[in-house]
Amino acid sequence: MNFKHKFVFLFPGLFVLIGILIFPIIFTIRLSLSGWNSYTPEMNFIGITNYIRLFTDDPRFWESFFRLSFLSVTTVILQYVIGFALAMMVWREIKFKRFFRVIFLVPMMTTPVIMTVIWRTFFHESLGPVNDLLGGFGVKPILWLSDPVIAKFTVIIVEVWQWTPFMFLLLLAGLLSLPKEPFLAAAIDGASPFRKFVYVTFPLMAPISIGAIIIRLIEASKIMDTVFVLTSGGPGTATETSSFYIYIKGLREFQMGYAATLSFTYLVIMIISLTIIAKVLTKLMIKE
Amino acid sequence: MKTIKTCVTALISALLVFSPVAYADKWSDQFPHIKATGDIPGDCSYESMSKKNYKGKTLKINTHAVPVMGEPTALHAEQFAKLTGAKVDVTHTPAGDLYAKAMVPFQAGQAPYDIVFGFSNFINDWRRYLEPVPKKYVEMKQMKDVTPSHIGVASWDGVMYQFPVDGDRHYLKYRKDVIDNPEYQKQYKEATGKELRVPQTWKEYGEMAAYFNNWDWDGDGEKEYGSAEVMKKDDLMYAAFYSRSAAYSKNPKTPGGFFFDLETMKPLINNPGFVEALTDWVEATKYVPPGGINFGLGDEIGSFGGGQTLFSFSWDDAFVAAMQPDSPINNKVGAAQLPGAMKVWNRKTNSWDEGFNQAPFFVWGWAVGVAKKSKEKEMAFDYLCFFANEANHQADIGIGRFGVNPFRNDDFKVDVWTQIGWDKDIAQSYVDTLAQMEQSKNRVFPLRVPGTFEFNAALATAAAKALAGQLSPQAALDEAAKQWEDILNRVGKDNVRKAYAVGVAMEDNKQ
């Protein structure tokens, strides 16, 4: 095969890559160097003014970023623990195994926005059934959506409910693909279930666990629909995340240039931090 | 005898064909929406539209989600299509995305929609992309009846860009059956030493709301609360805050700006008047229903309209919804101007002026325009004219969920409301409230300057932080004022001043 033939096979993929990845990134970078907004609708060039504004005069973005970090790390840890437990449960020979496998996947198959609307109705402080139910046990109404601290945990509950099935699915697939020999060896040695889990199952599952955690972290770091529908970032800015803040700047306030700056900066931070997280997880979970 | 019979038949037929009553019957049979009035003759009546032929043409409309404004848009689109033969495509968009959905194609030089719905405070950003309303429509009879305030809201520097389809203002809604109840009046007097009456000031509003909070005062077995308000950030809460601020900050002795000092363009939103209003509002979080701090407009309408609270203030929708026959508080509500204050901040003397002050807020309402790049401008204006014709308008304003509110002088007649089942005294209080606001010389109009969204969003975020207890009222408004300074620097003080002067002229009764 000569040099030209190689390019014939390479070009279609390259064109798609340029079209859907490279061009949008380059366009976003260019847009971030402009002052495009509702009153200056043009791709003018203002240098790094937007970046200076972001790094010197926009604490709200950084607050939303740290809030996002807290929300995404907490939700993913909970999803991993619960997802792993559920996967372990249906991995074993239990009654109605198939039924449970399907039931555990249902939340993931529902539409996030619609489910969040339903959750919002559940958690409605004066009309929702959750406080009604708790009231039956003498518990005072809980401010699920209007207390700055509790609202964060409400977001976490909804996210965990919605996305634990995804973690469950990946981990169950991992468990089903594990070789049988190490478990047989552990059984012959008389290892307890706990030791079997700690010394056999968990280490064998480490590579797929890291993959699942990273995939969920990437997804969780884009958390937007849940916040948008459930709390609109409130009360105050208590549940505002980076993506929601970028949405407000870009599509509510129409500060396109500045929103591009936020998006690009956010992308860079996410690439760096997720790379570091993946390396740390690999070091912690996979022992040579 | 036969000749007489023929003559009588011919006469009756002629009467049926040519009398307006005949038109009313003819069109209301086909379009039950207008059954109360029938067609009302005019340039854009059902009869007039039926003579237009737009067969083979398509009209594209972007409007709000159903029901508020989205439902009447779709209904009148269907009627318009039947009458003219046009094909009308209606797209429904959530309120928060209406601006961007039109603005993105506008800035790209495209016109995916012939007609775009939005809010009246979009006018400054949108006007360069909108076709001015042609003279023939501006001079129509139905337009002559629009109140000067709403002509002003739809126009910029004397040019009308938005076709008036809705009129909006914030006013107070209260439970008449409680406030007028002699038993409660006595009880309140004994407990507080004060009169139970329609609150004249925000302080009175707060005292009464706090008293009637968290107990079952209407005997339905459920707890009721003091007030339902739009407190959710990014859900129009800035408008609620301006309503609460007007009495403390709009001083008739200091013309030249409510939001900024027009001369210096210094933001005024952190002056003691606004801080006092925000302090009151933080206090209000104690007498709203559980979760009230997260109430958007829909929640507020549902809460007050469902009989959950004593007070509410915002647009007409909650009041009209409460007055519909299926409402649990039908004919148990009253309307009044927004409460005032016993002091108002004077920015010239840097001190409070003592004495009663009241300032109606003509908050933005639904607005609609025709894209300059539309290829179907004539059909688009005909549709809007038909949307707002007398028969449709009278039917629309009586349906709370439609979001179409009074903006014509005829709407301020008691009969219009008693015909749809309102008690006469309630109808009277309603039209009196609206008329008094129209006649006021101390009005506040919405901010309509370049970057309006940025200013309002900065204010809303700061106010939301105060309501959530993240910042004190003063610190929150100082933060907002600082952000307003930054926005001014980005947009350019002179650009903002030039646009702001148009609104200030209206507020100072110079236009």
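The values are calculated or read from the model by the stated rules, or taken from the named source; none is laboratory data. Computed from a predicted structure; not experimentally measured. Reconstructed Cβ throughout: ideal geometry from the backbone, glycine too, with neighbour counts over all protein chains shown.
Below are the figures for this structure:
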{"quantity": "Residue that is farthest from the other protein chains (Cβ to nearest Cβ) [pool: residues in the stretch B:304-341 that are in contact with a Pro (Cβ under 7 Å, 6 or more places away or on another chain) and at pLDDT 90 or above]", "calculated": "B:Q337"}
{"quantity": "Residues that are touching a residue at least 40 places away in the same chain (Cβ under 8 Å) and buried (at least 23 other Cβ atoms within 10 Å of the Cβ), drawn from the stretch A:144-157", "calculated": "A:L145, A:S146, A:A151, A:T154, A:V155"}
{"quantity": "Residue that is closer than 21 Å to B:K373 by Cα and in a strand (DSSP E or B), where the choices are B:N124, B:N62", "calculated": "B:N62"}
{"quantity": "Residues within the stretch B:240-274 that are crowded, with 23+ Cβ neighbours inside 10 Å, in contact with a helix residue (DSSP H, G or I) (Cβ under 7 Å, 6 or more places away or on another chain), within 20 Å of B:G355 (Cα to Cα) and not charged (D, E, K, R), tallied", "calculated": "7"}
{"quantity": "Matching entry among A:S32, A:S38 (being within 13 Å of A:A259 (Cα to Cα) and either loosely packed, with under 14 Cβ neighbours inside 10 Å or within 11 Å of chain B (Cβ to nearest Cβ) (or both))", "calculated": "A:S38"}
{"quantity": "Pairs, first in contact (Cβ under 8 Å) with a residue 60 or more places away in the chain in the stretch B:484-499, second among the charged types (D, E, K, R), C-beta under 7 Å, six or more apart", "calculated": "B:A499/B:R448"}
{"quantity": "Residue match in the stretch A:78-92 (condition: more than 14 Å from chain B (Cβ to nearest Cβ) and among the basic types (K, R))", "calculated": "yes"}
{"quantity": "Top-ranked residue of the stretch A:103-123 - restricted to ones that are within 13 Å of chain B (Cβ to nearest Cβ) and touching a residue at least 24 places away in the same chain (Cβ under 8 Å), ranked as surrounded by the most Cβ atoms within 10 Å (Cβ to Cβ)", "calculated": "A:F123"}
{"quantity": "Failed item in (1) surrounded by 19 or more Cβ atoms within 10 Å (Cβ to Cβ); (2) part of a helix (DSSP H, G or I), with B:V90 passing the rest", "calculated": "(2)"}
{"quantity": "Selection within the stretch A:77-102 - without any contact (Cβ under 8 Å) to a residue 60 or more places away in the chain and farther than 19 Å from A:E159 by Cβ", "calculated": "A:M89, A:R92, A:E93, A:I94, A:K95, A:F96, A:K97, A:R98, A:F99, A:F100, A:V102"}
{"quantity": "Which numbered condition A:S126 misses (of (1) surrounded by 15 or more Cβ atoms within 10 Å (Cβ to Cβ); (2) within 14 Å of chain B (Cβ to nearest Cβ); (3) in contact with a helix residue (DSSP H, G or I) (Cβ under 7 Å, 6 or more places away or on another chain); (4) not β-branched (V, I, T))", "calculated": "(3)"}
{"quantity": "Of residues in the stretch B:366-389 being acidic (D, E) and not in a loop (DSSP other than H, G, I, E, B), the one nearest to the chain's Cα centre (by Cα)", "calculated": "B:D382"}
{"quantity": "Test result for B:V288, under 15 Å from B:A480 (Cβ atoms) and among the β-branched types (V, I, T)", "calculated": "no"}
{"quantity": "Answer from B:Q110, B:Q79 - the residue that is outside the structural domain of B:M237 (by TED's automatic domain parsing) and in a loop (DSSP other than H, G, I, E, B)", "calculated": "B:Q110"}
{"quantity": "Condition broken by A:A278, with the remaining ones in (1) surrounded by fewer than 20 Cβ atoms within 10 Å (Cβ to Cβ); (2) small (G, A, S); (3) modelled with pLDDT of 95 or more satisfied", "calculated": "(3)"}
{"quantity": "Residues of the stretch B:58-104 satisfying the condition of being within 27 Å of A:W36 (Cα to Cα), touching a residue at least 12 places away in the same chain (Cβ under 8 Å) and small (G, A, S)", "calculated": "B:A95, B:G96, B:A102"}
{"quantity": "Some residue of the stretch B:363-372 being more than 30 Å from B:P255 (Cα to Cα), surrounded by fewer than 18 Cβ atoms within 10 Å (Cβ to Cβ), at pLDDT 95 or above and not polar (S, T, N, Q)", "calculated": "yes"}
{"quantity": "Long-range neighbours under 6 Å by Cβ, at least six apart or interchain, first residue closer than 22 Å to A:L170 by Cα within the stretch A:189-204, second surrounded by 16 or more Cβ atoms within 10 Å (Cβ to Cβ)", "calculated": "A:K196/A:A186; A:V200/A:A186"}
{"quantity": "Helices (runs of 4 or more DSSP H) contained in the stretch B:405-511 and holding at least 2 residues hydroxyl-bearing (S, T, Y) and more than 10 Å from chain A (Cβ to nearest Cβ)", "calculated": "B:424-439"}
{"quantity": "Residues (part of a helix (DSSP H, G or I) and either basic (K, R) or over 28 Å from A:E240 (Cβ atoms) (or both)) located in the stretch B:223-248", "calculated": "B:R244, B:A246, B:A247, B:Y248"}
{"quantity": "Qualifying position, being surrounded by 15 or more Cβ atoms within 10 Å (Cβ to Cβ), more than 29 Å from the chain's Cα centre (by Cα) and not in a loop (DSSP other than H, G, I, E, B), among A:A206, A:A191, A:A186", "calculated": "A:A186"}
{"quantity": "Which listed residue is within 12 Å of chain A (Cβ to nearest Cβ), of a type in the set (D, E) and buried (at least 18 other Cβ atoms within 10 Å of the Cβ), from B:D114, B:D125", "calculated": "B:D125"}
{"quantity": "Flag for A:V268 being over 30 Å from B:F122 (Cβ atoms) and either without any contact (Cβ under 8 Å) to a residue 12 or more places away in the chain or within 14 Å of chain B (Cβ to nearest Cβ) (or both)", "calculated": "yes"}
{"quantity": "Matching entry among A:I246, A:I218 (being under 20 Å from the mean Cα position of the chain (by Cα), away from chain B (no Cβ under 14 Å), surrounded by fewer than 23 Cβ atoms within 10 Å (Cβ to Cβ) and not basic (K, R))", "calculated": "A:I218"}
{"quantity": "Count - residues of the stretch B:15-52 that are out of contact with any Asp or Glu (no Cβ under 7 Å at 6 or more places or on another chain) and at pLDDT below 50", "calculated": "8"}
{"quantity": "Subset of the stretch B:105-130 (residues that are touching a residue at least 60 places away in the same chain (Cβ under 8 Å) and hydrophobic (A, V, I, L, M, F, W, C))", "calculated": "B:F106, B:A111, B:I115, B:V116, B:F117, B:F119, B:F122, B:I123, B:W126, B:L130"}
{"quantity": "Subset of the stretch B:53-101 that is modelled with pLDDT of 95 or more and of a type in the set (S, T, N, Q) - its residue that is farthest from B:D234 (Cα to Cα)", "calculated": "B:N53"}
{"quantity": "Counted residues, the stretch B:390-404 - those being assigned to a loop (DSSP other than H, G, I, E, B) and over 30 Å from B:S245 (Cβ atoms)", "calculated": "2"}
{"quantity": "First in the stretch B:409-428 and surrounded by fewer than 17 Cβ atoms within 10 Å (Cβ to Cβ), second anywhere and of a type in the set (D, E, K, R), Cβ under 6 Å, 6 or more apart", "calculated": "B:N409/B:D145; B:D410/B:D145; B:T418/B:K424"}
